[in-house]
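Take a look at the structure below.
Every read-out reported here was derived from the displayed coordinates using simple, explicitly stated rules and does not represent laboratory data. Note that the structure is predicted; figures quoted are calculated from it, not measured. No Cβ is skipped: glycine too gets one built from the backbone with ideal geometry, and neighbour counts run over all protein chains shown.
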Amino acid sequence: MNDWHRIFDQNVLVPPHPQRARQPLRESTAFQCVLKWLDGPLIKQGVLEVLSEVGCHLRVSLFDVTYRHFFGRTLKTTVRPAEQLSRQPSRIVFNEPLYFHTSLNHPNIVAVVEVVTEGRKRDGTLQALSCGFGILRIFSSKPESPTSASQDKRLRLYRGTPRALLHPRLQDPIEQNKHLTLIESCSLQYTLRPHPLLEPAFHLLPENLLVSGLQQIPGLLPAHGETGSFPHLFVQLGMYAPGSLGYLEPRPGSQLWEGDVTPTGWDPAQPLAPPGL
């Protein structure tokens, strides 16, 4: 039971703002975003001196600028060691692909990328510090050519934490707001493009859920080959069991009532098999 609660807590999705949810439904669009590398002296030298085993990771969240509302679930990338900062110019390489799909096709639906440094204090406890954040525009008001969509882009970073986006003074366009301070000589290299290959796996990935190409997803084989290739679906086989009788119970949260499920299960005369088998 404890494991069930742990898995449930790890897979909770914050719904979009109610006002946004009332808008007409559209087809969901799949995206692939590859977070490549972080350039610039973003981590202060004092942090490296106070903490040990210092590493850096990125946290990505979906955000609705219009209603100042975070939704979905924050994704944490793999932690990269901060020793890479000793090189000049300083650079931390991630090369981590992210995948998601959403039907909220609006220019004010963005992805917020936060740079986080973590390390251990003298007493051994882990401490995480925010080093800045960037606003990644998913939907553009101007159409892009396929060539420009596949090219690398540079994400500018601002001081503070993404919680600053909840302040009522930060009106759109946020990037031009006087209350945000740009971090000079620091940026995140990335690519963002539509990814139709994700569509066959929509039934495995809830809408507005950010997933990493490095994590294991039930029903998908691990990705292989070049960076950014999406994991493949398992081979699906039809099964026919004559004379079988089973019982189906609605899972919690499925919004099925007792009267919606027949007490005798399904009819063996009508087996659950795909056409042609």
**Fill in**
Expected unfolding gain across Arg169-Asn95 under the 0.36 nm per residue rule, minus the alpha-carbon gap, is 23.2 nm
**Request:** Note down the nm distance, to one decimal, between modelled labels 7 Å out along Cα→Cβ at Arg154 and at Ser185.
**Result:** 1.4 nm
**Extension gain (nm, one decimal) between Arg120 and Ala21, 0.36 nm per residue minus Cα-Cα** = 31.5 nm
**Message:** I'd like to compare 164-173, 62-71: which one has the highest average count of other Cβ atoms within 10 Å, and what's the full order after that?
**Reply:** 62-71, 164-173
**Prompt:** Between Ser90 and residues 5 or more places away or on another chain, which pairs have amide H atoms under 5 Å apart, with H built 1.01 Å from N, and which residues are they?
**Reply:** Gly40
**Prompt:** Stretched out fully, how many nm does the piece from Lys178 to Gln215 gain, at 0.36 nm a residue minus the Cα gap?
**Reply:** 9.5 nm
**Message:** Could you compute Rg(Cα) / (2.2 N^0.38 Å) for region 23-87, with N its residue count?
**Reply:** 1.58
